[in-house]
Amino acid sequence: MSTSKHIQTILNGTIHSLKTILPMEIDVKSPSVIVEPYIQQEMGVLIGLVGDLKGRIIIDGTPDIFGAIGSAMFGMPLDGAMLESFTGEFGNMIAGNLCTYAGQYELDLDITPPTVMVGNTKLYGFQQAFTLPASIKGAGNISILYTIDED
């Protein structure tokens, strides 16, 4: 399978994952190609992809957005260490669901443990990157970044 087909499967799988996991209305915008560096502003979670495609998933938002998502999912406000832990687990849920989806399309993927990033972070060192912006009703806007490493 070609890299462009893999990327299409990942983008479709991400949309499926978001709509499956989030108990909120979501509007996913068109993906776009970006160049380095990518600047993450406030809070995000990074998860490595290994298997047929190598790269990283970064879910970028703010503490308020991740807090609103957590509150909608669990019915209670989250902050501090609990919010950071939830952010990592939210990334795991999205990426894990994505791997299951991709497997149905003969794309073998696995994920690494999440790394939660708080504060300004500049990301370098990727050959290709795509961003998938989404608006979550009642929470705000997130961006999901995919960096693809060449073999």
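To the nearest 10 Å², what's Thr121's accessible area with a 1.4 Å probe?
30
Counting only protein heavy atoms and using a 1.4 Å probe, what share of the accessible area of the chain belongs to carbon plus sulfur, as a whole percent?
Answer for the chain is 51 percent, counting heavy atoms of protein chains only.
For Asp79, put the label point 7 Å out on the Cα→Cβ axis and report which residues of the stretch 47-64 keep their amide N under 17 Å from it.
Label zone hits: 62-64.
Just to be sure I follow: if Rg is taken over the C-alpha atoms of the stretch 33-84 and Rh is the Kirkwood radius over the same atoms, what is Rg/Rh?
Here Rg/Rh amounts to 1.08.
Taking Cα pairs under 8 Å and at least six residues apart, what relative contact order does the chain come out at, in percent?
37
Report, to the nearest 10°, how far helix 63-74 tilts away from the longest principal axis of the Cα atoms in the chain, using its own Cα long axis and a range of 0 to 90°.
The two axes meet at around 80 degrees.
Could you do me a favour and compute the accessible area per residue for the chain, 1.4 Å probe, result in Å²?
With the other protein chains kept in place, the chain gives 49 Å² per residue.
In Å and from the alpha-carbon atoms only, list the Rg and Dmax of the stretch 1-80.
Using the Cα atoms of the stretch 1-80, the pair Rg, Dmax is 14.6, 43 Å.
I want the local charge near Leu123. Using Cβ-Cβ distances under 9 Å, sum +1 for each Lys or Arg and -1 for each Asp or Glu among the other residues.
Result for the neighbourhood of Leu123: +1.
When the label point is put 7 Å from the Cα of Lys29 along its Cα-to-beta-carbon vector, which residues of the stretch 135-149 have a backbone N closer than 16 Å?
Backbone N within reach: 135-146.
With the dipole of the chain worked out from charges on the C-beta (+1 for Lys and Arg, -1 for Asp and Glu) around the Cα centre, which of Leu22, Leu53, Val118 lies farthest toward the positive end?
It is Leu22, whose Cα lies furthest towards the positive end.
For the stretch 61-151, what is the convex hull volume of the alpha-carbon atoms per residue, in Å³?
Given the Cα convex hull of the stretch 61-151, per-residue volume reads 122 Å³.
Please give the helix 3-21 orientation as an angle from the longest Cα principal axis of the chain, in degrees from 0 to 90, rounded to the nearest 10.
20
Measure nothing fancy, just the Cα-based angle from helix 80-103's long axis to the longest principal axis of the chain, in degrees from 0 to 90, nearest 10.
Approximately 30 degrees, to the nearest ten.
If you put +1 on each Lys and Arg Cβ and -1 on each Asp and Glu Cβ, how big is the dipole of the chain around its Cα centre, in Debye rounded to 20?
With only Lys, Arg, Asp and Glu charged at Cβ, the dipole is about 260 debye.
So if each residue of separation counts as 0.36 nm, and I subtract the Cα-Cα distance between Ser71 and Asp149, what length gain in nm does that give?
Contour length minus Cα-Cα distance gives 24.6 nm.
The values are calculated or read from the model by the stated rules, or taken from the named source; none is laboratory data. Since the structure is predicted, the reported quantities are computational estimates derived from the model, not experimental observations. A quick note on method: Cβ atoms are made from the backbone with ideal geometry, for glycine too, and the neighbour counts reach across all protein chains shown. Just so you know, the surface numbers come from the protein's heavy atoms only, side chains and all, with ligands and any DNA or RNA stripped out. Shrake-Rupley method; radii C 1.70, N 1.55, O 1.52, S 1.80 Å.
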